[in-house]
Amino acid sequence: MIKTSFRASLRFSAVAALAAAACSISTSAQAQFQERNFRVSNGVSKEHPMGNGLAKMGSCTLEKTGGKMKIQPFWDGALGSDLTSTQSVRSGSLDMVLTSTAPVVSIVPALGVFDLPFLFNTAAEADQLLDGKVGDWFSAKLPAVGLVNLAWWENGFRHTTNSKRAITKVEDFDGVKMRVMQNTIFLDTFKTLGSNAVPMAFTEVYSALETHTVDGQENPFTNIENMKFYEVQKYLTLTKHAYSPTLVLFSKRVWDKLSPQEQGVLQECAAQGRTEQRRANRAQEAKSVDNLKANGMTVNEFSPAETQRVRERTKVIYERHAKAIGDEAVTMVTAELKRIRGN
Ligand code: TK8
């Protein structure tokens with residue numbers, strides 16, 4: 001009996017010692033984390049799937065740091081547009097911004113490759129390219145301009161809306177005043193299609209459409225829905241003319257003050273946020289056409305022959321902008337897409 005109880009007491013004290021050690025490790029591990037509150041700028045509103053991604057990222061950072069690392073989103077461009085927020089992140093006065101790559105092209109020209117018309121055919125190939133060595137190659141260019149890309153999230157495939165007419169053929173673009181994102185590739189693409197392209201920050205688009213300063217714009221379904229563009233746009237044409245990635249940009253000035261453990265938590269939680277944000281974005285997109293029709297939009301898509309005409313018409317964009325983007329970026333992306341497609 002004594003022997004048994006002695007062994008039992010030995011076992012108990014061993015377990016207690018292990019539990020205490022584990023507890024002290026986790027306490028000391030969490031001791032590596034300081035109280036942090038990272039502010040994030042978004043151009044969309046909190047109901048957008050970007051909100052799902054940031055909620056997941058934030059719950060992850062809280063859990064991994066014992067509640068010390070908080071993510072605080074700001075919505076509707078309250079802290080600035082994609083470009084002005086990105087500049088604030090570069091200066092260190094803002095911690096994070098979720099932005100399309102397009103406005104950042106003026107800072108890192110190679111990102112312009114993602115604005116080339118009809119580059120991606122599917123979200124799956126975009127994920128594979130962006131989450132692999134090619135995506136890493138682009139992210140590696142950002143620290144030099146004061147930015148750290150924590151992960152690639154999804155803006156999505158872009159479609160065209162306007163208030164003048166159903167765009168059923170290339171000629172229907174003629175004379176339509178089209179808001180485009182602020183870079184020369186989108187500007188050139190929509191001019192080449194015949195429209196009167198106007199670069200503009202996303203935060204100004206709704207009022208520009210409402211006042212007919214512009215007739216149309218182009219965006220993924222979730223943005224068209226989230227920003228209620230259907231209130232000021234009658235026609236939606238499923239052009240699927242480009243796929244926009246979203247950068248999760250963190251300030252390098254802030255980043256460099258963090259411990260390796262804190263940096264690791266941000267990267268791990270941005271990756272968890274990516275999975276959730278893409279899932280939510282695609283789930284909403286699946287319902288978008290019905291939702292937009294229910295909200296009064298007239299929806300059409302090009303015939304296969306017309307799609308081919310649009311693709312042919314915009315091929316010249318590749319030749320005109322390859323040099324500004326950089327031959328290495330264009331060659332690498334097109335080669336990787338060939339590999340992914342097995343051709
Ligand atoms: C939101 C923008 C938006 C983009 C645009 O901040 O500007 O049209 O598609 O998603 O990044």
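Looking at (1) within 15 Å of the ligand (Cβ to nearest atom); (2) touching a His at 6+ places or on another chain (Cβ under 7 Å), find the lone condition where Leu238 falls short.
(1)
Anything in the stretch 57-78 that is surrounded by fewer than 21 Cβ atoms within 10 Å (Cβ to Cβ) and assigned to a loop (DSSP other than H, G, I, E, B)? List them, or say none.
Within the stretch 57-78, Gly66, Gly67, Lys68, Trp75, Asp76, Gly77, Ala78 meet the criteria.
Where in the stretch 114-227 are there strands (runs of 3 or more DSSP E), lying fully within it, with 2 or more residues that are closer than 21 Å to Val97 by Cα and in contact with a Gly (Cβ under 8 Å, 6 or more places away or on another chain)?
By residue number, 147-157.
Output the residue which, of all residues in the stretch 299-330 that are in a loop (DSSP other than H, G, I, E, B) and open to solvent by less than 60 Å² (accessible area, probe 1.4 Å), is nearest to Leu129 (Cα to Cα).
Step by step, filter the stretch 299-330, then rank; the result is Gly326.
If you go through the stretch 95-122, how many residues are out of contact with any strand residue (DSSP E or B) (no Cβ under 6 Å at 6 or more places or on another chain), more than 15 Å from the ligand (Cβ to nearest atom) and open to solvent by 20 Å² or more (accessible area, probe 1.4 Å)?
Result for the stretch 95-122: 4.
Identify all residues within the stretch 132-164 that are within 16 Å of the ligand (Cβ to nearest atom), under 30 Å from Gly216 (Cα atoms) and not aromatic (Phe, Trp, Tyr); write none if there are none.
Residues satisfying the conditions are Glu154, Asn155, Gly156, Arg158, His159, Thr160, Thr161, Asn162.
Look at Thr84 and say whether it is within 14 Å of the ligand (Cβ to nearest atom), closer than 23 Å to Ile224 by Cα and part of a helix (DSSP H, G or I).
yes
The values are calculated or read from the model by the stated rules, or taken from the named source; none is laboratory data. A quick note: this is a predicted structure, and the numbers were derived from the prediction, not measured. When we count neighbours, we look across all protein chains shown, and the Cβ atoms used for this are built from the backbone with ideal geometry, even at glycine. To get the accessible areas, we keep the full protein, side chains included, count just its heavy atoms, and leave off ligands, DNA and RNA. Shrake-Rupley method; radii C 1.70, N 1.55, O 1.52, S 1.80 Å.
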